[in-house]
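A.B. asks: Sharing a structure below in structure tokens format, with a few things to ask.
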Amino acid sequence: MITPLVLSFDLDDTLWPVGPVIAAAENTLLSWLRERYPKAVHGHSIESLRAQRAGIADRYPDRGHDLTFLRHRALKDLFASAGHDEALADDALEVFFTERNRVEFYDDVRPALLRLHSRYRLFALSNGDADLARCGIADLFDGHVTATGAGAAKPDARIFAALIEKAGVEAAHVMHIGDDPLADVVGATRAGMQAVWLNRDAKQWPTQFAHPLRTISTLTEIA
């Protein structure tokens, strides 16, 4: 195995559990909308708003990787259908992002990142729209490549190529760590990178994929 020079990390469900974060953000946004613009969300629930966003993705198939665009466009449509100015979507999106970046790290994350930061260059590689600065860990990373910025989501080769270009090293010198077998492990391996599966919950590896180079249950195991 080639000694890595760069470590890249998935964010959602790798550094923090994302389900509770998104649920809290969506509930906060809906409460905000009901208080200030009740007409815009009359008859709506979290589920119906999610279905609306799914419809946006169908309308803009070339933007399906861009979660920020989809949410922003959905909010614009919501306000417009109620006769409000679409520009109100900017404020609504900020309400969502404030909560979306209020993450609770897994216990091993901060100690591991602090230790690894002293030995490697660290990058984030994510399909989601979390903000490292708002999450409080931007100082530990040399860069962040997102699906929005790369124009493609993992496991698409383009997002891994964007990371390799940003890191300025050959693919084989990058080790990517993430929780998703296809998006993180298979995607990184196909891009020529080393890949480590972070399996926090003792899940079974999908039989249709070749086994990863290495499997860990916490970031503490990265030497």
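The values are calculated or read from the model by the stated rules, or taken from the named source; none is laboratory data. These numbers come from a predicted model, not from an experiment. Cβ: placed from backbone, ideal geometry, glycine included. Neighbour counts: every protein chain shown. Side chains included, ligands, DNA and RNA excluded: accessible areas come from the protein's heavy atoms. Shrake-Rupley method; radii C 1.70, N 1.55, O 1.52, S 1.80 Å.
A.B. asks: Would you kindly state how much longer the chain becomes between Asp201 and Glu94 on full extension, computed as 0.36 nm times their sequence separation minus their alpha carbon distance, in nm to one decimal?
C.D. replies: 35.3 nm
A.B. asks: Given a Förster distance of 45 angstrom, what is the FRET efficiency for His42 paired with Arg115, based on the Cβ-Cβ distance and rounded to 0.05? The partial results should precede the final answer.
C.D. replies: Details: r = 51 Å, r/R0 = 1.14.
Plugging the Cβ-Cβ distance into 1/(1 + (r/R0)^6) gives 0.30.
A.B. asks: Among the GluC sites (Glu not before Pro) in the range 89-159, which ones are in a DSSP loop with at most 13 other Cβ atoms within 10 Å of the Cβ? Mind listing them?
C.D. replies: Glu104
A.B. asks: Identify all lysines with a Cα-Cα distance to Lys203 below 29 Å; exclude those on the same chain that are fewer than 8 residues away in sequence.
C.D. replies: Lys154
A.B. asks: Still on this structure, please answer the following. Give me the 1.4 Å probe accessible area per residue for the range 35-182, excluding ligands and nucleic acids, in Å².
C.D. replies: Here the residues of the range 35-182 average 49 Å² of exposed surface.
A.B. asks: Could you work out the relative contact order of the range 37-140? I mean the mean sequence separation of Cα pairs under 8 Å and 6+ apart, divided by the number of residues, in percent.
C.D. replies: Dividing the mean separation by the residue count of the range 37-140 yields 22 percent.
A.B. asks: If I model a spin label as a point 7 Å beyond the Cα along the Cα-Cβ vector, how far apart are those points for Glu86 and Ile216 in nm?
C.D. replies: The answer from the label model is 4.5 nm.
A.B. asks: Still on this model: Among the lysines, which fall within straight-line cross-link reach of Lys39, defined as a Cα-Cα distance under 20 Å, with same-chain neighbours fewer than 8 residues apart omitted?
C.D. replies: Result set, ordered by chain and number: Lys76.
A.B. asks: Please give me the summed charge of the neighbours of Glu47: other residues whose Cβ is under 12 Å from its Cβ, Lys and Arg +1, Asp and Glu -1.
C.D. replies: Net local charge, Glu47 excluded: +1.
A.B. asks: If I model a spin label as a point 7 Å beyond the Cα along the Cα-Cβ vector, how far apart are those points for Asp139 and Val169 in nm?
C.D. replies: Rounded to a tenth, the inter-label distance reads 2.3 nm.
A.B. asks: Same structure, new question: Which whole-number percentage describes the relative contact order of the chain, with Cα contacts under 8 Å and a sequence gap of 6 or more?
C.D. replies: It comes to 24 percent, rounded to a whole number.
A.B. asks: For the range 76-223, give the percent of accessible area contributed by carbon and sulfur heavy atoms, probe 1.4 Å, rounded to a whole number. If you can, show how the numbers build up before the last one.
C.D. replies: Numbers: 3420 of 6950 Å².
Percent of accessible area from carbon and sulfur atoms in the range 76-223: 49.
A.B. asks: Can you tell me the length gained on complete extension of the stretch Phe69 to Ala51, counting 0.36 nm per residue apart and subtracting the Cα distance? Don't jump to the answer; show the numbers that get you there.
C.D. replies: Values: separation 18, 0.36 × 18 = 6.48 nm, distance 1.54 nm.
Residue separation times 0.36 nm, minus the Cα-Cα distance, leaves 4.9 nm.
A.B. asks: Quick one: net charge around Ala161, please, counting Lys, Arg +1 and Asp, Glu -1 for every other residue with C-beta under 14 Å from its C-beta.
C.D. replies: Local net charge: +1.
A.B. asks: Taking 0.36 nm per intervening residue step and subtracting the Cα-Cα distance, what contour gain separates Ile2 from Tyr60 on full extension?
C.D. replies: 16.8 nm
A.B. asks: Under the rule of -39500 (n - 2.57) per DSSP H run of 4 or more residues, summed and divided by the residues of the chain, what mean residue ellipticity at 222 nm is obtained, to the nearest 500 deg cm²/dmol?
C.D. replies: It comes out at -12500 deg cm²/dmol, rounded to the nearest 500.
A.B. asks: Pairs of alpha-carbon atoms within less than 8 angstrom and 6+ residues apart define the contacts here; what relative contact order does the range 106-223 have, in percent?
C.D. replies: In percent, rounded to a whole number, it is 19.
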